Structures are given as C-alpha cells and as structure tokens.
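Novice: There's a structure below that I have some questions on.
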Amino acid sequence: MVAIIANIPETLVIRTRDQELVEVNSAFIRESDFLKNELRSNPNPGEIIASVRSDLLKNAITVIGMCDTSAPYVLARSDDDLRAYMRTIPHITEFIQSMSLFDWLGLHNVSSKLQMDRLRDLFDGSLLVHPNVEQIRAIVLGMQPLLMPARGRAAEAA
C-alpha cells in the first residue's frame, strides 16, 4: 500500500547499511514508497534505516535529481513505452550507461529496497536502449543460482 503523506519533510536522514548518514530531499522521498510508508508510521523519525550502501544511495540521489519530479511518475506500460521515455531523457540514459557495472546493478538494488518505480524503470530502460555485453552477462550470471535448483529437480524427475 502506498502511503499518502500530507507533509513530506524538506529533508530526511537515512542511515545506510554501512552506517553512513545520507540526507535526501523531498523529491527523493516522494519517489520512494518505502520512505513514505516509514514516514506514515513515524512522521518525525529523526533518521530512517535503509538496507542499502551509502555509495549506491548517493548514485540513486544523483539519478533522481536529474529527473523532472514535479509530477508523479507513471509506470511504463510496455517496453516500447519505456524505450520512448528513455529517448526523452538522453542525459540520464548517458549517465546511467557511464556507470561501472557495480554501480549500475546498485541502482536496481536501491530501486528494489526503497521501492522506487521511476528508478527501476530507468534501470530497465537502460538495458532496452543501450544494452551491453557486460550488463547482460552480469544479469545472466546473477540468475544462475536461481535456475540451478530447478534444473536439478528436472534432472531427478527424468
């Protein structure tokens, strides 16, 4: 359930997994269902603990800061919609593509942990617009542990 917060604070401090304190602004807060839900349950938290690394959070802050967050984000309904959206924001696409593989995968991690639809779509869109072999290999290798148990059960059944 997405929280509707009447008074989103101008800034909020997040304590990261590596114990750093990182300040985020109201635009970033509005993008995160996790942060809005935390604020709904505790409107004046002082700080919120998030299970993300500080360097990856800072990258996400940079990416969201490049976006026009004046209107709520509408999820892309298809890959074609997402490709079209990515073509309207070449500066963001180029920035994401310039990231190291670790930082690029970190965007997905932050989008998942902080429940950020726009950030997740930017990650997915970067694959649709300019996929590179290194990114695809990382995704496939990351999926192998998930696929191995299924392959083992299929072999046993045969």
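Read the figures in this text as sums done on the coordinates, not as results from a lab. Please read these numbers as outputs of a predicted model, since none were measured by experiment. Cβ atoms come from the backbone with ideal geometry, glycine included; neighbour counts cover every protein chain shown.
Novice: Would you please give the residues with an amide H less than 5 Å from that of ARG53, counting only those at least 5 places away or on a separate chain, with H modeled from the backbone geometry?
Specialist: Amide H neighbours of ARG53: ARG17.
Novice: Could I ask something else about it? Net charge near TRP104: determine it from the other residues with C-beta under 12 Å of the C-beta of TRP104, scoring Lys and Arg +1 and Asp and Glu -1.
Specialist: Here the count lands on -3.
Novice: Using only the Cα atoms of segment 1-127, build the gyration tensor, take square roots of its eigenvalues as a ≥ b ≥ c, and label the shape rounded, prolate or oblate: rounded if a/c is under 1.5, else prolate if a/b is larger than b/c, else oblate.
Specialist: Cα axes put segment 1-127 in the oblate bin.
Novice: Could you calculate the contour length gain from THR62 to GLU20, that is, 0.36 nm times the residue separation minus the distance between their Cα atoms, to one decimal place in nm?
Specialist: 13.4 nm
Novice: Determine the sum of side-chain charges near SER70: Lys and Arg each +1, Asp and Glu each -1, restricted to other residues whose C-beta is under 15 angstrom from that of SER70.
Specialist: 0
Novice: Measuring from label point to label point, each 7 Å out along Cα→Cβ, what is the VAL13 to ASP79 span in nm?
Specialist: For VAL13 paired with ASP79, the spin-label model returns 4.5 nm.
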